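Only one structure is covered here, and it is reproduced in the block below.
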Amino acid sequence: MQGSTPVECEVLNVIQGAGIWPDCDDKTQLLQAIESLITNGGSGGGGVVTGSEIGSVSAFAMPTPPEGWLVCDGSAVSRVEYANLFATVGTLWGHGDEVSTFNLPDMRGEFVRGFDAGRGVDDGRVFASGQDHALQDHDHRLGAMDAQSGVNRTTGQSGGSDYDLTAIDDRKTSNLTNSPYNYADETRPRNIAMTYAIKAFYPMVSSGQ
């Protein structure tokens, strides 16, 4: 079944999104659909998150998101084909060709941080801006003299000179097998890789069903 006007199509999308097969003789289906979507947090009973708002971003447990979603990979997409999404996010994530396309957010390999919006925890941030990795400025206070390197672990000095970085690095390397730390080329928490995708459109209700 397919609607002949935008309003009819929207109503049918809501009904089908709740997992209800449209029946012209049942005048209560829209109410049933709304109640079902509210009860199930917007996902209805159809197995696809059709109740999500255009522009919302979700993490999926599979590489390819369902119909209606686009992977957040920074792609330039059509301003006409995805007019509803363009009306929602505009060029926040990139201007595309500045005429007919705009960019999706690129969330591959990224963590998300809540927008500060004046709170002062992540002060000075602009919405949709990226942020490079960093370590908070800090000091290391070590205990006693290291017998191998001769570095004073309290002052960080060796015979009045600065840190013996080579000796410290050698000691770290030699103790890798006994160390509780994981060394890498970045600082990161434990994490799981999933697919971020943005709700771009509501799938059309198939005709003849």
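Every number here is computed from the coordinates shown, using simple stated rules; none is lab data. Keep in mind the model is a prediction, meaning the values are calculated, not measured. All Cβ positions, glycine included, derive from the backbone under ideal geometry; neighbour counts span all protein chains shown.
In plain terms, the chain from Ala76 to Lys27 could stretch by 13.4 nm, reckoned as 0.36 nm per residue minus the Cα-Cα distance.
In terms of the mean number of neighbouring beta-carbon atoms within 10 Å, the peptides 27-37, 130-140 order highest first as 27-37, 130-140.
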